[in-house]
1. Please go through the stretch 96-125 and pick out each residue that is charged (D, E, K, R) and within 13 Å of the chain's Cα centre (by Cα).
2. May I ask you to say which residue of VAL96, VAL61, VAL79 is in contact with a Leu (Cβ under 6 Å, 6 or more places away or on another chain) and either under 25 Å from HIS136 (Cα atoms) or of a type outside the set (Lys, Arg) (or both)?
3. Taking GLY144 as the residue in question, decide whether it is within 28 Å of ASP196 (Cα to Cα) and out of contact with any helix residue (DSSP H, G or I) (no Cβ under 6 Å at 6 or more places or on another chain).
4. Regarding GLY60, is this residue under 16 Å from LEU118 (Cα atoms) and small (Gly, Ala, Ser)?
5. Which residues, taken from the stretch 103-133, are among the charged types (D, E, K, R), touching a Lys or Arg at 6+ places or on another chain (Cβ under 7 Å) and within 19 Å of ARG7 (Cα to Cα)?
6. List every residue pair whose Cβ atoms lie under 8 Å apart, where the two residues are 6 or more positions apart in sequence or sit on different chains, the first residue falls within the stretch 32-46 and is within 12 Å of VAL61 (Cβ to Cβ), and the second residue, located anywhere, is surrounded by 18 or more Cβ atoms within 10 Å (Cβ to Cβ) and not hydrophobic (A, V, I, L, M, F, W, C).
7. Looking at this structure, is ASP105 buried (at least 21 other Cβ atoms within 10 Å of the Cβ) and of a type in the set (D, E, K, R)?
8. Is at least one residue of the stretch 100-112 part of a strand (DSSP E or B), in contact (Cβ under 8 Å) with a residue 40 or more places away in the chain and acidic (Asp, Glu)?
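The values are calculated or read from the model by the stated rules, or taken from the named source; none is laboratory data. If you're wondering where the values come from, they're calculated on a predicted model, not measured in any experiment. Heads up, the Cβs are rebuilt from the backbone with ideal geometry, glycines too, and the neighbour counts pull from every protein chain shown.
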Amino acid sequence: MTAPPWRSRDAAYFAALYDANPDPWNFAGSAYEHRKYQATMAALEFRRFDRAFEIGCSIGVLTRQLAPHCASLLAVDIVEAALAHARARCAALPHVRFAALRVPDAWPAGDMFDLILLSEVLYFLTPDDITRVAAHVSSTLAPGGIVLLVNYTEQIDEPCSGDQAAAHFIEAAAPRLRVDLQQRHQSFRIDRLHRDGSAHD
C-alpha cells in the first residue's frame with residue numbers, strides 16, 4: 001500500500017479514470033453496487049423529498065433510482081464525460097438537473113435541500129476539505145432535512161479511509177447535524193444525519 005495523497009483528488013485524476021473506462025467502478029453491473037444501492041434507498045426509508053442534492057453522481061445509476069422519490073433533484077459530478085452518460089440515463093426525467101461542480105470549491109448558490117447524498121465521495125477529500133463540505137451542508141440543509149453518507153470501508157489509497165471520512169464529517173457537522181442511523185455492511189458503511197425541525201437550531 002502506498003501513502004495516501006495529501007491533497008484531495010482533482011478533476012484530472014477522475015477524468016483519466018473515465019477516459020480509460022466509461023464506468024470505472026462498474027456502477028451499472030457489480031453485485032457490490034447493487035447491494036449498496038438497495039441499502040442506500042432503504043436508509044432513506046423511501047421517503048419523498050422536495051429538493052434533493054446528490055454529490056458525485058458519476059454516470060447516474062443511483063440518480064435514476066433516487067429520482068422517483070424527489071420532486072426536484074440536482075446531481076453533480078466533477079467529470080463532464082460521466083455527466084454525459086448520466087444525462088442520457090435520466091433523459092426522460094425533467095425534474096433531474098445535472099451540473100459540473102467540484103465540491104467543496106463550488107456549491108449551489110441560494111438553494112436549500114431536504115436531502116443531501118454523498119455516496120462514496122468523502123474519502124477522496126482531505127480532512128480539511130471534508131470540514132468545508134460539512135460547513136456547506138450544514139448551511140444548506142433545510143430544517144428537518146437529512147444527509148446520507150455512504151463510504152467504502154476496505155483498504156484504499158486515498159486521502160482518508162471510508163471510516164475516517166465519515167467520522168470527520170460527523171464531527172465537523174456537529175452539533176447542527178445529528179446522527180440518527182449508522183449501519184455497517186460488507187465493505188461499506190452508511191451514516192444518516194438530520195437537522196432538527198427548528199429554523200433556528
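1. Hits for the stretch 96-125 are ARG102, GLU120.
2. On the way: VAL61 fails: in contact with a Leu (Cβ under 6 Å, 6 or more places away or on another chain); VAL79 fails: in contact with a Leu (Cβ under 6 Å, 6 or more places away or on another chain).
The match here is VAL96.
3. Numbers: within 28 Å of ASP196 (Cα to Cα): yes; out of contact with any helix residue (DSSP H, G or I) (no Cβ under 6 Å at 6 or more places or on another chain): yes.
Judged against the criteria, GLY144 is a match.
4. Working: under 16 Å from LEU118 (Cα atoms): yes; small (Gly, Ala, Ser): yes.
Considered against the rule, which asks whether it is under 16 Å from LEU118 (Cα atoms) and small (Gly, Ala, Ser), GLY60 comes out as yes.
5. None; the set is empty.
6. Note: pairs meeting the criteria are LYS36/SER119; THR40/SER119.
7. Numbers: buried (at least 21 other Cβ atoms within 10 Å of the Cβ): no; of a type in the set (D, E, K, R): yes.
No.
8. Start the filter on the stretch 100-112 by keeping residues that are part of a strand (DSSP E or B), which leaves 100.
Going one step further and asking which of them are in contact (Cβ under 8 Å) with a residue 40 or more places away in the chain, we end up with none.
No, the conditions are met nowhere in the stretch 100-112.
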